[in-house]
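The values are calculated or read from the model by the stated rules, or taken from the named source; none is laboratory data. Keep in mind it's a predicted model, so treat the numbers as computed, not measured. A quick note on method: Cβ atoms are made from the backbone with ideal geometry, for glycine too, and the neighbour counts reach across all protein chains shown.
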Amino acid sequence: MIRSLPNSKTYSVSFNLYVTLYFIFLFAPLAVTSILAFNDSQFPALPWNGFSLDWFFADSPLRTGIFHDQRNLDSILVSAETAFFVSILSTVVGTLGAFLFEQETFRFKQLLYFLMLVPLVVPGVILGISILLFSNTLGTFFEEAFNIDVGLFRPGFWLVVLGQFSFITTFVTLVVSARLKKFDRTLEEAALNLGANRMEVIWHITLKFLRPALLGAFAVAFLMSFENFNTTLFLVGSDPTLPINLYLQVRDGSTPVINAVSFLLIFGTSLAALVNLYFSRKNA
């Protein structure tokens, strides 16, 4: 399509209709879920029975709101803690990986780059099963060979962190690498000529330039970890993350408190995305 050429009326109407239907398809389920969070009903579905804040604040035998639902609150805390550690590890390792792959040349560069991308094309279910089997094998080996019970190899918090870290790091590396490609190397050379050492150049010049990408990568890593389900399902222990907990509630039957949780997540992630966008543009 050549943008400078005038478009027919049929094309314009079709394009606007497509865009409208696309955004309706994208946001209608989120809007319905958010509205049903305030529905005065015992079931997380239509019909609408009136406005109520019970599924947020109620604390009674018949209704328990999200702010009094200890099971959901605990799972939110577990997800937040997991996402925090995954984001820190992924941002640090991913940034180092971006520096590595942006070097002009080194041996086996293409092979290592290919291996880094593998977790992106492997389904999350397969990745979770593979990590679980690998950790169980290592745990059995250490127990039989050295009579040592290594808790890290059992399903639990840190295995979930390592499992999510194994593929989220790749996203961080790609985000930081994209920003690093725009970096003017002469700035580093100028700083070195003015007497700065290598660490000072990296800290004051390179990382300052990468700050928007680092903030964006950290935010992406946090959100990806917080909502991850496929990989986490096979690695979680007795303390489930929020997506696993919501899945169990939906499977076994739930109240509209699940809509309230969803509303808070939609609102929170949207707010975080706007804040990240604001600071990214401000530091760009």
Does Gly124 satisfy being within 30 Å of Val257 (Cβ to Cβ) and buried (at least 16 other Cβ atoms within 10 Å of the Cβ)?
-> yes
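Only residues that are aromatic (Phe, Trp, Tyr) and either exposed (fewer than 11 other Cβ atoms within 10 Å of the Cβ) or in contact with a Pro (Cβ under 8 Å, 6 or more places away or on another chain) (or both): list them for region 80-121, please.
Selection gives Phe106, Phe108, Phe114.
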Of all residues making up region 250-266, the number that are without any contact (Cβ under 8 Å) to a residue 60 or more places away in the chain and not charged (D, E, K, R) = 3
Test set (1) in a helix (DSSP H, G or I); (2) surrounded by 14 or more Cβ atoms within 10 Å (Cβ to Cβ) - Asp239 fails condition number | (1)
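Any residue at all in region 220-228 that's assigned to a helix (DSSP H, G or I), modelled with pLDDT of 90 or more and either surrounded by fewer than 18 Cβ atoms within 10 Å (Cβ to Cβ) or over 17 Å from the mean Cα position of the chain (by Cα) (or both)?
No: region 220-228 contains no residue that is assigned to a helix (DSSP H, G or I), modelled with pLDDT of 90 or more and either surrounded by fewer than 18 Cβ atoms within 10 Å (Cβ to Cβ) or over 17 Å from the mean Cα position of the chain (by Cα) (or both).
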Failed item in (1) in contact (Cβ under 8 Å) with a residue 60 or more places away in the chain; (2) surrounded by fewer than 18 Cβ atoms within 10 Å (Cβ to Cβ); (3) within 24 Å of Pro29 (Cα to Cα), with Asn245 passing the rest = (2)
